[in-house]
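Right, one structure below, let's go through it.
The values are calculated or read from the model by the stated rules, or taken from the named source; none is laboratory data. Note that the structure is predicted; figures quoted are calculated from it, not measured. Cβ: placed from backbone, ideal geometry, glycine included. Neighbour counts: every protein chain shown.
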Amino acid sequence: MADIVAVYGSPRRRGNTASLLKAAAAGAREDAGAQVEEIVLRDLKMSPCLEIYGCKQAGRCVIEDDFQWVREHLLEAKGLILASPVFFYTVSAHTKILMDRCQSLWVKKYWIDQNLPGQKPGKRKGMYIGVGATGGKRLFDGILLTIRYFFDVLDMSLDQTLLYRGLDFEGDIEKHPEYLAEARTAGKTFAESVLAMDVDQSPQR
């Protein structure tokens, strides 16, 4: 079982977002000693949520594809580092599919188990790395709201964010080695806080 799951939400395997997450994962693994499982969403076969509500019976999505494997990793880990570039002021399609498939966990938490919003604060930690091409002041406002609600359904709190503007074309990150150094340090710090936690595993199974 990994301490931290690092989810690559970019369509580009070697893009700026992926490079930043790889640096954060290295900091968590090599500098803090955490076990890190890396998941590349573009390599998986995951249907979008079809809103058939098969999950109403037991809180488990009934579509059998790679989501079930990802779900197990998300529920077992103490921490999650999610990285996604900005597309139309929200996360990538790959990332949004994952989020929407976790609607089944929302159904379990709030419909089946009948928790009230805010009644069950996050016991685990989450970190988000966001990368956008423009310099818009509100570039990440909507995304951060989405991320917080996504982490909530996983019983996680948004513990740390790294937000970068002005990175568009593949290789742009190489012009900013300070960003990569910051991501590595952040990954180490995040992992140390995760490893210091005494956390019961998520009861969402």
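What the table below lists for this structure:
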| read-out | value |
| --- | --- |
| Enumeration of residues in the stretch 34-65 that are modelled with pLDDT of 95 or more and either among the small types (Gly, Ala, Ser) or under 30 Å from Ala181 (Cα atoms) (or both) | Ala34, Gln35, Val36, Glu37, Glu38, Ile39, Val40, Leu41, Arg42, Asp43, Leu44, Ser47 |
| Residue in the stretch 181-203 that is surrounded by fewer than 22 Cβ atoms within 10 Å (Cβ to Cβ), touching an Asp or Glu at 6+ places or on another chain (Cβ under 8 Å), of a type in the set (Ser, Thr, Tyr) and not in a helix (DSSP H, G or I) present | yes |
| Complete set of residues in the stretch 107-124 that are surrounded by fewer than 18 Cβ atoms within 10 Å (Cβ to Cβ) and of a type outside the set (Gly, Ala, Ser) | Tyr110, Trp111, Ile112, Asp113, Gln114, Asn115, Leu116, Pro117, Gln119, Lys120, Pro121, Lys123 |
| Matching residues in the stretch 120-158 - criterion: being without any contact (Cβ under 8 Å) to a residue 60 or more places away in the chain, charged (D, E, K, R) and not in a loop (DSSP other than H, G, I, E, B) | Asp141, Arg148, Asp152 |
| Residue within the stretch 48-65 that is free of Cβ contacts under 8 Å to residues at least 12 places away in the same chain and within 17 Å of the chain's Cα centre (by Cα) present | no |
| Residue in the stretch 159-170 that is surrounded by the most Cβ atoms within 10 Å (Cβ to Cβ), counting only those that are free of Cβ contacts under 8 Å to residues at least 60 places away in the same chain and not charged (D, E, K, R) | Gln160 |
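Residue-by-condition table, conditions (1) over 21 Å from Asn16 (Cα atoms); (2) touching a helix residue (DSSP H, G or I) at 6+ places or on another chain (Cβ under 7 Å):
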residue: Leu74; (1), (2): yes, no
residue: Ala83; (1), (2): no, yes
residue: Phe88; (1), (2): no, no
residue: Val91; (1), (2): no, yes
residue: Leu98; (1), (2): no, yes
residue: Trp106; (1), (2): yes, yes
residue: Lys109; (1), (2): yes, yes
residue: Met127; (1), (2): no, yes
residue: Gly130; (1), (2): no, yes
